Amino acid sequence: MTAIEVADVTKSYGNHVAVDDVSFTVERGEAFGFLGPNGAGKSTTINMLLDYVRPTTGSITVCGFDAQKRTRAVHERIGVLPEGYALYDQLTGYEHLRFAGQANDTAVDKAAILERVGLSADDAGRPAGTYSTGMQQRLALGMALVGDPEVLLLDEPTSGLDPHGISLLKRLVREEVDRGTTVFFSSHVLDHVEAVCDRVGILTEGSLVAVDTVAGLRDGVSDGTTVELTVSGVTDTLVESIAAIEGVDSVRIEEDSLFISVAHAGLKPKILDQARVAETTVLDVAVGEVPLADWFEKYTANGEPSESQYKRVEA
């Protein structure tokens, strides 16, 4: 079942094309990450999902309803944590939740929502103007959860959260997905997207350049695995023998280290065997993967991932 379907959508402002022929689907019960640099068209796409702006061409459905023709039906089924939200300083947390319930014409289990977002009853009894930035973010998230929406749209949801709040948010997203909620997670923080999302769409200059799992996106940039081998001395014989191993794609030399792009991490023992044959001392060895930021840059700016910055994951 499809929760969100964006079909051949273009949005133009005069001669400027903000979103250019974008199509993607988000399945029910899926956490979908929406990534892109500033100005890529993410906010415009989100605004079209909510019918705050309308497509120049193309169509959008949310929960089976045309987002432009059945806007009320869509809003009844979607909870939104917008970027740049504003709370009422004089209203308490409880009053904000009651207001959200009235707006959605639904009863609110305030205690359950407060527990889910990590706010205490004492916190909820105070005016929101006395809250820290992180507490305000949690309250705004709680308001988005009112009515148990079918789709939860989170726009930069980790902004202002401390590490504990970020951990809570990640857990909450996965709990919502387990409950069957669809989560549309727009963020610049790549590690957070990787931690919670089933699939990711990358938007750049108004065009959707990739949609896949995180693992699939890594594979689309390169094989995603490297062996970093530091030895007492690099020789041509050592480099040639390692390059000749089946499954080794490339070898790059940096002082006494070799950065070896491989088909899979299981080639590490064969690489170490060649180091022993060459009678060189192995000082360090690690298997790594392409950092999220590197492949994101590759998709959005056509940059080449930097092997010297591969994340070490296995000694």
- Item | Some residue of segment 40-48 being within 20 Å of Ala103 (Cα to Cα) and either without any contact (Cβ under 8 Å) to a residue 40 or more places away in the chain or open to solvent by less than 40 Å² (accessible area, probe 1.4 Å) (or both) | yes
- Note on the structure: Those residues of segment 116-164 which are closer than 14 Å to Glu95 by Cα and of a type in the set (Lys, Arg) amount to Arg126
- Item | Set Leu238, Leu267, Leu292: member being modelled with pLDDT of 90 or more and either of a type in the set (Val, Ile, Thr) or on the phi < 0 side of the Ramachandran plot (or both) | Leu238
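Where residues in segment 129-177 are β-branched (Val, Ile, Thr) and open to solvent by 40 Å² or more (accessible area, probe 1.4 Å), which of them is nearest to the chain's Cα centre (by Cα)? First the steps, then the outcome.
Of the residues in segment 129-177, the ones β-branched (Val, Ile, Thr) are 130, 133, 146, 151, 158, 166, 173, 177.
Remaining after also requiring open to solvent by 40 Å² or more (accessible area, probe 1.4 Å): 130, 133.
Numbers: Thr130: 31, Thr133: 22 Å.
That would be Thr133.
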- Odd one out for Gly165, checked against (1) modelled with pLDDT under 95; (2) within 19 Å of Val108 (Cβ to Cβ): (2)
- When every residue in segment 219-229 that is open to solvent by less than 30 Å² (accessible area, probe 1.4 Å) and in contact with an Asp or Glu (Cβ under 7 Å, 6 or more places away or on another chain) is compared, the one modelled with the highest pLDDT is Thr226
- Quick one: what pairs do we get from segment 82-98, first residue under 22 Å from Val183 (Cα atoms), second open to solvent by 90 Å² or more (accessible area, probe 1.4 Å), C-beta under 9 Å, 6+ apart or different chains? none
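Would you check if Ala107 is free of Cβ contacts under 8 Å to residues at least 12 places away in the same chain and assigned to a helix (DSSP H, G or I)? Let's see the steps before the verdict.
Numbers: free of Cβ contacts under 8 Å to residues at least 12 places away in the same chain: yes; assigned to a helix (DSSP H, G or I): no.
Criteria not met by Ala107.
The values are calculated or read from the model by the stated rules, or taken from the named source; none is laboratory data. Being a predicted model, the structure only gives us computed values, none of them experimental. Virtual Cβ from ideal backbone geometry, glycine too; neighbours counted across all protein chains shown. The accessibility values were calculated without ligands, DNA or RNA, using every heavy atom of the protein model including side chains. Shrake-Rupley method; radii C 1.70, N 1.55, O 1.52, S 1.80 Å.
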